[in-house]
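The values are calculated or read from the model by the stated rules, or taken from the named source; none is laboratory data. Here the structure is a predicted model, which means the values were calculated and not measured. Here the Cβ positions follow ideal geometry from the backbone for every residue, glycine too, while neighbour counts run over all protein chains shown. Remember, those area values only see protein heavy atoms, side chains included, never the ligands or the DNA or RNA. Shrake-Rupley method; radii C 1.70, N 1.55, O 1.52, S 1.80 Å.
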Amino acid sequence: MSAAPPLRRTPPSRASSASARRSTIRRPQLFAAWALIVPFLIVFAAMFLVPLGYAGYLSTFTSQLVGGEVFSGLANYSRALQDPSFWAGLGRVAMFLFVQVPIMLVIALFIALALDTGRVKGGKFVRLAIFVPYAVPGVVATLMWGYLYGTDSGLIAQLFRAVGLDAPTLLSPQNILGSTMNIVSWEFIGYNMIVLYAALRSVPTEMYEAAEIDGAGAWRTAWSIKIPAIRPAIMLTIIFSVIGSFQLFNEPNLLYSIAPNAIGSDFSPNLYAYNVAFKNQDINYAAAIAFLLGFLIMIISYVVQLATARKERLS
Amino acid sequence: MTLATPSPLVSSSAPTRKEASRARGKRPVERDKRRSSVLTIILWMTLAYFLLPLVWLFLSSTKTNGDLFSTFGLWFGQTFALFDNVGQLFTFQDGIFVRWMGNTALYAITSAVGAALLATMCGYALAKYVFKGRSFVFALILGAVMVPLTALAIPTYLLFSAANLVDTPWAIILPSLVSPFGVYLIRVYAADAVDDSLIEAARIDGAGEFRIFTTIASRLLAPGIVTVLLFALVSTWNNYFLPLIMLNNPALFPATVGLAQWQQAATGGGGAQVLFSTVLTGSFVSIIPLVVAFLFLQRYWQSGLSTGGVKG
């Protein structure tokens, strides 16, 4: 695949070509632009905006034994905010945000920086091998780790016994959160590493060379030049990890069958919404929880962006 | 360097490392020669964490149900039962596993092609045409990147059950056609990969807007399109939540939902006896296609990914 070479030689002078284009925009172009955009917008509206609106609408009703569905305003929301199950799930998500996400991203960043130095033997193989778990479905990953965790004959227990130690109870109520975090990290370290690595490869070389001439070591170069240069990519991985933490569902739902005592119906907010909707048949309340979750994620993503933007301005 | 595609990602005057290495000949190669044994050892040790579970999964699919729990996890069992297990997997319950894999492929490929097509058209138009409402449309799509798909799944289910679409393939394919992140990625990619002057030149030569899109732009966007295609493929292939709530008929299940149900039957030990060895062999077989696809298409998605990250 040779994609771009013919165009590379003439660097586009952005401002001038944009203004030239603006003055020459003609009817057929306007038509083409909308014709290309509208198909996506139609599906987007039908599969995104309409369900969102419908959830908002449903969440303002309450079904009663007598009289069916009754408009109840924000009652479902105040119920959710007072629901210990909802908060318990959010608490675990908070643990994910403050423990699992930082650990996962620091490891991913370390591996990406190490591979980017080009000093690792077989770096290409290492990079692909670490990425492979991303291609494994969450269902298979959870199922597999569930067997590995098993206290009687799981691999981890076997290894502990081989060196004469007691097997850890990784599926007990105290440890299940950490065990879940490990599964999620295993799945996504490679993906985040690849995003960060790809960003590192496109940082202009001159920036390193200047630092090297000034006598900066590898650590110093990584900390003061490489990491600031890929800040947008780091932010992308943070936001995606935040969204991922709120979506937690597959892992607890599957671990439930092998550790029913350790995982309740409210392990994560998403699992709780699912159980409310399909086990308790309380659609309206489930809609309110789903809506509230989406709202929370938007706020947190916005705060993350704002914090990063401010740091950029300060430095 | 593994990125075979000349990356049109950084169009500023600063050369990327690759261009620099081309220009300056040997110097960066010398730099690469200075291997660090500490880093090499650390990274190769982390490989154990990422690969041993998969090695275990492969070895488990070669064991009989009894050996699974009585022999050491990282070595073969007493009898080599891989072919028995695969045979059992493909014939169990009238070979429903084959059907599940077929469903997975159908849902994933249809959704990925559709999502990539829609995202490419929209992203290209947002990057290359200046028109009223452009920034509003882009802001709307960017905001949607933040909304978790699972928060949408329950509302979508309610809507689909009102429209009688639940328990059909459409219930999986239609929601998976929307990829706001794909639009974002193509938009960023197109801004650099498709030169405005080239479009102008084509216009002067009398090419229509759609011809420019289908013959010139789509070719230049290929790495970006493959990236969107591949990641849409993965998200549908690996999806569990959506099919779990949308489908009741086992004949429509994708492999994820089917395997999860077998696993529950195996641990529950209920009426329909499923062997653990069958579940694990099924798990192993189900991950092969995606892993192979990623390894073969790596040069495309790796160059496509760097765009989204850099300009994010």
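Do the conditions hold for A:R27, that is, is it more than 7 Å from every other protein chain (Cβ to nearest Cβ), more than 21 Å from B:A151 (Cβ to Cβ) and among the basic types (K, R)? Yes. Within the range B:115-153, being within 10 Å of chain A (Cβ to nearest Cβ), of a type in the set (G, A, S) and touching a Ser or Thr at 6+ places or on another chain (Cβ under 8 Å) holds for B:A115, B:A119.
Residue-wise test of (1) away from every other protein chain (no Cβ under 12 Å); (2) crowded, with 19+ Cβ neighbours inside 10 Å; (3) in contact with a Cys (Cβ under 9 Å, 6 or more places away or on another chain).
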| position | (1), (2), (3) |
| --- | --- |
| A:A33 | no, yes, no |
| A:I42 | no, no, no |
| A:G53 | no, no, no |
| A:V66 | yes, no, no |
| A:E69 | yes, no, no |
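The residues on offer are A:S78, A:S59, and the sole one that is crowded, with 18+ Cβ neighbours inside 10 Å and either farther than 30 Å from A:N182 by Cα or more than 9 Å from chain B (Cβ to nearest Cβ) (or both) is A:S59.
Within the range B:128-146, track down each residue that is in a helix (DSSP H, G or I), surrounded by fewer than 22 Cβ atoms within 10 Å (Cβ to Cβ) and not β-branched (V, I, T). Scanning the range B:128-146 gives B:R134, B:S135, B:F136, B:F138, B:A139, B:L140, B:L142, B:G143, B:A144. Of all residues in the range A:279-313, those being facing another protein chain (nearest Cβ under 7 Å), over 20 Å from A:L236 (Cα atoms) and either open to solvent by 50 Å² or more (accessible area, probe 1.4 Å) or β-branched (V, I, T) (or both) number 1. Going through the range A:118-138 one residue at a time, which ones are over 13 Å from B:L47 (Cα atoms) and more than 7 Å from chain B (Cβ to nearest Cβ)? Scanning the range A:118-138 gives a single hit, A:Y134.
Residues that are β-branched (V, I, T), at pLDDT 90 or above and open to solvent by less than 10 Å² (accessible area, probe 1.4 Å) do occur in the range A:159-181, at least one of them.
Residues in the range B:48-75 that are of a type outside the set (A, V, I, L, M), in a loop (DSSP other than H, G, I, E, B), open to solvent by 20 Å² or more (accessible area, probe 1.4 Å) and within 22 Å of A:V132 (Cβ to Cβ): B:W75 only. Selection within the range A:269-278: residues that are of a type in the set (F, W, Y) and under 14 Å from A:Q247 (Cβ atoms). The member of this set that is nearest to the other protein chains (Cβ to nearest Cβ) is A:Y274. Quick check on B:I109: is it assigned to a helix (DSSP H, G or I), more than 13 Å from every other protein chain (Cβ to nearest Cβ) and either in contact (Cβ under 8 Å) with a residue 60 or more places away in the chain or over 30 Å from B:I216 (Cβ atoms) (or both)? Here the answer is yes, as B:I109 does meet what is asked. A search for C-beta distances below 7 Å between a residue of the range A:102-129 that is at pLDDT 90 or above and any residue that is among the β-branched types (V, I, T) and outside any helix (DSSP H, G or I), counting only pairs 6+ apart in sequence or on different chains, returns A:A114/A:V120; A:V126/A:V120. Scanning the range A:186-199 for residues that are small (G, A, S) and more than 9 Å from every other protein chain (Cβ to nearest Cβ) yields a count of 0.
Would you confirm whether any residue within the range A:202-213 is under 28 Å from B:I141 (Cα atoms), within 12 Å of another protein chain (Cβ to nearest Cβ) and in contact with a helix residue (DSSP H, G or I) (Cβ under 7 Å, 6 or more places away or on another chain)? Checked against the condition, which is being under 28 Å from B:I141 (Cα atoms), within 12 Å of another protein chain (Cβ to nearest Cβ) and in contact with a helix residue (DSSP H, G or I) (Cβ under 7 Å, 6 or more places away or on another chain), the range A:202-213 yields at least one hit. Of the helices (runs of 4 or more DSSP H) that lie entirely inside the range B:177-276, those containing 3 or more residues that are in contact with a Ser or Thr (Cβ under 7 Å, 6 or more places away or on another chain), closer than 28 Å to B:Y157 by Cβ and open to solvent by less than 40 Å² (accessible area, probe 1.4 Å) span B:222-237, B:255-268.
If the condition is being farther than 30 Å from A:M144 by Cβ, in contact with a helix residue (DSSP H, G or I) (Cβ under 6 Å, 6 or more places away or on another chain) and not in a helix (DSSP H, G or I), then the range A:265-301 contributes only A:D282. B:D32: modelled with pLDDT of 90 or more and among the acidic types (D, E), yes or no? No.
Exactly one residue out of A:L113, A:L143, A:L105 is buried (at least 17 other Cβ atoms within 10 Å of the Cβ), facing chain B (nearest Cβ under 10 Å) and closer than 27 Å to B:N238 by Cβ: that is A:L143. Selection of helices (runs of 4 or more DSSP H) fully inside the range A:214-264 by the criterion of at least 2 residues being open to solvent by 50 Å² or more (accessible area, probe 1.4 Å) and within 20 Å of A:I103 (Cβ to Cβ) returns A:231-247.
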